[in-house]
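Scroll down for the structure; my scribbles are underneath it.
The values are calculated or read from the model by the stated rules, or taken from the named source; none is laboratory data. Given the structure is predicted, the values throughout are model-derived calculations rather than measurements. Every residue, glycine as well, gets a Cβ built from its backbone with ideal geometry; the counts of neighbours run over all protein chains shown.
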Amino acid sequence: MRREVILDDLNPEDDEWMAAMRRGDFEHAWKISDAFMRERIASGTTCWHLPRYLQHVWTGGSFSGKRVLVRCYHGLGDTIHFIRFVAPLRNIAREVIVWVQPELMELVATARGVNRVLALHDGTVDVDYDIDIEIMELPHALRVQFDSVPAEVPYLFPSRKSALPLGPEFNIGIIWEAGDWDLRRSIPPHIIRQLREVSGVRLHSLQRGVARRAAAEITFSDIGTDNIITAAARMQKLDLIITVDTMAAHLAGAIGVPVWILLHKHCDWRWMEGDVSVWYPTMRLFRQEVPGDWFSVVQTVRSALTQRIVQRIPA
């Protein structure tokens, strides 16, 4: 099981890298990454015995005119987040092949710059290529800067349509649990249920997994599904997505629908600071001020929803 990386667990170089990324100083982060890569190559250290998400693939080679294999070794949300970088990669590469989680093959195939998709599995990839890279290494390899992040949305284009029977209310898709690998990201059902009391809104559960069992006590309907293409089609029918930090947040952002993400105090580095996201222009961020205090976050969201309904302002 993938383990959440917490700052206290990291060595000083990791801590410095994350701090640089949080403040948008990407160039400093890339210098740290450069030094780490040089040290790793000089020492001859291998990482193939480690879990995939801890493996470093790229060794600094050029992609110009090459057949590039992009390995998706992290989570589903990470793949959705970083697939945006395939388009600039394809501008210099001859071909881009994405070795991706089977659940995402149909969706990733719609991204600009992707020539082929192959199903990720536990063996070795059966394709010829000149150079490979793990998908989350792409920003470093491409020397992406804060003010040049590819943030045009949508950048994924699910083809399936949905015929949700929605009423005249303001329809919201909601996800309150992120999974048991990082419990800090999930909101207790009795707290998130308060959003149901906002006049003029109707909540629809987009929750996946065992947490769907609580859908009836939180929302008016359960439209959750494990099929990501279907989930994306349903999101496009809703007025707003409200979600904790999980794959659904990236999916909503990538297809360009309005999404509010609720973040715990020590959230992932990619969410930086403030209430807007450099990655997703349709996203608004709501943060804990005190670790574990979801009640205050939900109250803030509740007030924002009430204002949205009364004033008819954009989500």
Say we look at region 289-303 and pick out the residues that are surrounded by 18 or more Cβ atoms within 10 Å (Cβ to Cβ) and out of contact with any Leu (no Cβ under 6 Å at 6 or more places or on another chain); which of these is nearest to Ser199 (Cα to Cα)?
-> Val301
Subset of region 26-59 [of a type in the set (Phe, Trp, Tyr), out of contact with any strand residue (DSSP E or B) (no Cβ under 8 Å at 6 or more places or on another chain) and part of a loop (DSSP other than H, G, I, E, B)] = Trp48
Among (1) at pLDDT 95 or above; (2) among the acidic types (Asp, Glu); (3) surrounded by fewer than 19 Cβ atoms within 10 Å (Cβ to Cβ), Glu197 falls short only on (1)
Residues in region 21-36: is at least one surrounded by 16 or more Cβ atoms within 10 Å (Cβ to Cβ) and touching a Ser or Thr at 6+ places or on another chain (Cβ under 8 Å)?
-> no
All positions within region 271-287 that are surrounded by fewer than 18 Cβ atoms within 10 Å (Cβ to Cβ) and farther than 18 Å from Arg308 by Cβ = Met272, Glu273, Gly274, Val278, Arg287
For Phe146, work out the one condition from (1) touching a Gly at 6+ places or on another chain (Cβ under 9 Å); (2) among the hydrophobic types (A, V, I, L, M, F, W, C); (3) within 25 Å of Thr306 (Cβ to Cβ); (4) surrounded by fewer than 16 Cβ atoms within 10 Å (Cβ to Cβ) it doesn't fulfil.
-> (3)
Does region 266-289 contain any residue that is at pLDDT 95 or above, more than 16 Å from Asp78 (Cα to Cα) and more than 20 Å from the chain's Cα centre (by Cα)?
-> yes
Would you say Ala214 is under 15 Å from the mean Cα position of the chain (by Cα), part of a helix (DSSP H, G or I) and buried (at least 17 other Cβ atoms within 10 Å of the Cβ)?
-> no
